[in-house]
Amino acid sequence: MAFSSASGCRAEMFSDFFPIETHDANWLPHIGRWAWILITKDRNIPNNETERNGLLNAGVRAFVIQDHRLSRKDVIELLKFHVPRMMDALTAWKAPFIFGLESASSHLTVLSDLFGY
């Protein structure tokens with residue numbers, strides 16, 4: 001769990017709490033209510049208004065890995081690289097929000113702002 005080791009924050013696996021086939025509408029409200037942070041490679045979020053609305057309406061703080069083709073090793077490196085910016089965002093921004101993480105960028109992309117939230 002790269003985020004956990006790089007940030008000092010506890011990390012949980014989705015599958016430890018919900019069956020993999022659980023519909024977003026059934027688990028996202030729990031993530032928001034528990035004030036957890038969502039880190040995902042869901043490539044539909046930047047392009048799908050319904051998915052973005054689901055995250056934001058559930059009060060979720062989300063970081064979306066923009067390149068869904070990254071290997072596990074590359075995802076770990078990406079998270080380690082972005083942890084300082086992610087921690088800053090968690091301090092500076094109130095829920096809900098959606099940030100994009102890109103391997104070719106040293107900054108976070110505020111996806112929720114791009115879509116009028």
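Things to note:
- Lys/Arg +1, Asp/Glu -1 at C-beta; the chain dipole; positive extreme among Thr22, Thr109, Ile76: Ile76
- In plain terms, the residue of His82, His107 with the fewest other Cβ atoms within 10 Å comes first and the most crowded comes last, giving His107, His82.
- Only one residue of Trp36, Thr50, Ile98 has its Cα farthest out toward the positive end of the dipole of the stretch 2-114, where Lys and Arg carry +1 and Asp and Glu -1 on Cβ, and that residue is Trp36.
- Fully extended contour minus Cα-Cα distance, from Lys73 to Ser4, at 0.36 nm per residue: 23.3 nm
- Under the span-like rule (Cα at least 18 Å along the axis, Kyte-Doolittle mean at least 1.0), DSSP H helices of the chain: none
- Antiparallel %, DSSP beta bridges [both residues in the chain], to 5: 20 percent
- Rounded is the label for the chain, because the ratio a/c of its alpha-carbon gyration tensor axes (a ≥ b ≥ c) stays below 1.5.
- Under the convention that each Lys and Arg Cβ holds +1 and each Asp and Glu Cβ holds -1, the size of the dipole of the stretch 2-114 around its Cα centre is about 240 debye.
Every number in this text was worked out from the coordinates using simple rules, so none of it is lab data. Given the structure is predicted, the values throughout are model-derived calculations rather than measurements. Ideal geometry is used to build each Cβ from the backbone, glycine not excepted, and the neighbour counts take in all protein chains shown.
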